[in-house]
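Visitor: Quick one: this structure, given as structure tokens, is what I'll be asking you about.
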Amino acid sequence: MHLHITEVSYLSDYKVSVSFNNGESGVADLSSVVHNGVFKSLASQEKFAQVEIDRELETIVWPGGLDLAPEFVYFQAFKD
């Protein structure tokens with residue numbers, strides 16, 4: 001089964017609540033992402049909070065076409 005993100009909501013401090021197609025849900029801290037490369041444009045929490053689901057890609061996206069692989073988001077949510 002391929003991993004997909006089915007729901008997302010912004011919490012605070014670059015954290016998102018995410019649900020996956022395998023039935024698991026968690027909180028992913030994506031603060032490390034906003035300091036690298038093209039993702040620096042998400043350093044503004046106002047812009048980061050615009051996260052949403054791309055139903056075609058089945059992952060999270062931001063305005064401007066930035067997205068993250070569901071597997072990366074899953075790892076961030078459950079790495080502890």
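The values are calculated or read from the model by the stated rules, or taken from the named source; none is laboratory data. The model shown is predicted, which means the values in this text are computed figures rather than measured ones. As a convention, Cβ positions derive from the backbone with ideal geometry for all residues, glycine included, and neighbour counts pool all protein chains shown. Remember, those area values only see protein heavy atoms, side chains included, never the ligands or the DNA or RNA. Shrake-Rupley method; radii C 1.70, N 1.55, O 1.52, S 1.80 Å.
Visitor: Kindly provide the set of residues from region 1-49 that are of a type in the set (D, E) and free of Cβ contacts under 8 Å to residues at least 24 places away in the same chain, ordered by number.
Guide: Within region 1-49, E46 is the sole residue that qualifies.
Visitor: To continue, here is another question. Search region 22-51 for residues being hydrophobic (A, V, I, L, M, F, W, C) and part of a strand (DSSP E or B), and hand back the single one that is most open to solvent (accessible area, probe 1.4 Å).
Guide: Restricting to residues being hydrophobic (A, V, I, L, M, F, W, C) and part of a strand (DSSP E or B), the top hit is V27.
Visitor: Identify all residues within region 52-69 that are touching a residue at least 40 places away in the same chain (Cβ under 8 Å) and open to solvent by 40 Å² or more (accessible area, probe 1.4 Å); write none if there are none.
Guide: Answer for region 52-69, where residues must be touching a residue at least 40 places away in the same chain (Cβ under 8 Å) and open to solvent by 40 Å² or more (accessible area, probe 1.4 Å): E52, E58.
Visitor: Can we say G64 is small (G, A, S), touching a helix residue (DSSP H, G or I) at 6+ places or on another chain (Cβ under 9 Å) and assigned to a strand (DSSP E or B)?
Guide: no
Visitor: Filtering region 1-21 down to residues that are over 24 Å from A43 (Cβ atoms) and not in a strand (DSSP E or B), which residue is most open to solvent (accessible area, probe 1.4 Å)?
Guide: That would be M1.
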